[in-house]
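Comments concern the structure below.
The values are calculated or read from the model by the stated rules, or taken from the named source; none is laboratory data. This is a predicted model, so every value here is computed, not measured. With ideal geometry, Cβ positions are generated from the backbone for all residues, glycine too; neighbour counts draw on all protein chains shown. Please note that ligands, DNA and RNA were not included when accessible areas were found on the heavy atoms of the full protein model with its side chains. Shrake-Rupley method; radii C 1.70, N 1.55, O 1.52, S 1.80 Å.
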Amino acid sequence: MVQFTRRSILAATGAAPLAPRLFLGGTAAAALLGRPQPSSAQPVGDAALPPPAAGYLSLGPDEAGFVEALVDVMCPADGLTPSGVDCGLAVFIDRQLAGGFGKGDRLYMRGPWQQGKPQLGYQLPLTPEQFFKVGIAAADAACRQRFGKGFGELAEAEAEADGFLHDVAGGKVTDERVPLASWFNELVYPLFIQACFADPIYGGNAGKVFWKMIGYPGLPATHAQDMIDFRGKPYPGAAEPMSIADFS
């Protein structure tokens, strides 16, 4: 079974495109349940990282609390990196939902909304931002039904929280309106991967922490041959990778 931690994604450099296949019957919007306010976690790990940009553009306080708990479970603080929140992963996800991707700029959103074949791609009458949010509400409701508390509270016991995410991904946690397995596997997890390895200007990968962890040298095109020569080997180059901001 795949472990939803950074150790399962060290070799990843991107994510599959969003492609949920299932239709949400009836009204997809759900009332969001009360959540604790997001906590202000302190950087933990080998190197202190600059704090993520303040404020969320898409996520409300309850939704932000869920996402912060989620990324901290999937990327717990240890000797490799600080926590997911301190790495900027929640900020990256929020910015993606608030931008063109989240608003469905590249999707045809006029219907008709019929049950589609898998090869037809995204078939939901919701933008990715809307789908992400109803998924949060459904997952949190399922967590409360199973454990008597929300996911943010459950995340304090990391083993239970990780097990719950495995069950969501494996289709063992269901909701009659929201396809939670598709929500996690085809929207949440790809955004998490992108948050880890995208250029830091997009909010995640704060301080280039994930690039440093895997030895990624950064953006200069002069590294094209190095990608071949050092595939599967430690890269002996400069310790500081180059990002978009370094060329501005």
| remark: Checked Glu153, Glu186 against criteria (assigned to a helix (DSSP H, G or I), of a type in the set (Asp, Glu) and under 15 Å from the mean Cα position of the chain (by Cα)); the one match is Glu186
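I'd like to check something: does the stretch 129-144 contain any residue that is charged (D, E, K, R), surrounded by fewer than 23 Cβ atoms within 10 Å (Cβ to Cβ) and part of a loop (DSSP other than H, G, I, E, B)?
Keep residues of the stretch 129-144 that are charged (D, E, K, R), which gives 129, 133, 140, 144.
Right, trim to surrounded by fewer than 23 Cβ atoms within 10 Å (Cβ to Cβ) and you get 129, 144.
If we keep only those that are part of a loop (DSSP other than H, G, I, E, B) too, we end up with none.
No, the stretch 129-144 has no match at all.
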| Failed criterion for Glu156 (all others in (1) within 24 Å of Asp62 (Cβ to Cβ); (2) in contact with a Phe, Trp or Tyr (Cβ under 9 Å, 6 or more places away or on another chain); (3) open to solvent by 10 Å² or more (accessible area, probe 1.4 Å) hold) | (2)
| said: Among the numbered criteria (1) in contact (Cβ under 8 Å) with a residue 40 or more places away in the chain; (2) part of a helix (DSSP H, G or I), which one does Met227 miss? | reply: (1)
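Go through the stretch 107-128 residue by residue and tally those that are exposed (fewer than 13 other Cβ atoms within 10 Å of the Cβ) and either among the hydrophobic types (A, V, I, L, M, F, W, C) or assigned to a loop (DSSP other than H, G, I, E, B) (or both).
8
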| query | What is the number of the single condition among (1) within 23 Å of Asp86 (Cβ to Cβ); (2) in the same structural domain as Gly104 (by the TED database); (3) open to solvent by less than 70 Å² (accessible area, probe 1.4 Å) that Pro241 does not meet? | reply | (2)
| task | Identify all residues within the stretch 91-106 that are open to solvent by 60 Å² or more (accessible area, probe 1.4 Å) and in a loop (DSSP other than H, G, I, E, B); write none if there are none. | result | Asp105, Arg106
| request: Name every residue in the stretch 205-235 that is polar (S, T, N, Q) and modelled with pLDDT of 90 or more, in order of residue number. | output: Asn205
| task | Any chance you could count how many residues in the stretch 187-228 are in contact with a Phe, Trp or Tyr (Cβ under 9 Å, 6 or more places away or on another chain) and closer than 20 Å to Glu129 by Cα? | result | 12
| Does any residue in the stretch 111-134 that is free of Cβ contacts under 8 Å to residues at least 12 places away in the same chain and in the same structural domain as Asp94 (by the TED database) come within less than 9 Å, Cβ to Cβ, of a residue that is surrounded by fewer than 14 Cβ atoms within 10 Å (Cβ to Cβ) and assigned to a loop (DSSP other than H, G, I, E, B) six or more places away or on a different chain, and which pairs are these? | none
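Are any of the residues in the stretch 78-90 part of a helix (DSSP H, G or I) and either outside the structural domain of Asn205 (by the TED database) or at pLDDT 95 or above (or both)?
Filtering the stretch 78-90 down to residues part of a helix (DSSP H, G or I) leaves 89-90.
Of the ones still in play, those that are also either outside the structural domain of Asn205 (by the TED database) or at pLDDT 95 or above (or both) are 89-90.
Within the stretch 78-90 (the criterion being part of a helix (DSSP H, G or I) and either outside the structural domain of Asn205 (by the TED database) or at pLDDT 95 or above (or both)), the answer is yes, since at least one residue qualifies.
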| Could you give every pair whose Cβ atoms fall below 7 Å, whose first residue belongs to the stretch 232-248 and is assigned to a strand (DSSP E or B), and whose second residue is modelled with pLDDT under 85, counting only separations of at least 6 or pairs across chains? | Met242/Gly218; Met242/Leu219; Met242/Pro220
| request: Pull up the stretch 178-220, narrow it to residues that are out of contact with any Cys (no Cβ under 9 Å at 6 or more places or on another chain) and on the phi > 0 side of the Ramachandran plot, then point me to the one that is least open to solvent (accessible area, probe 1.4 Å). | output: Gly218
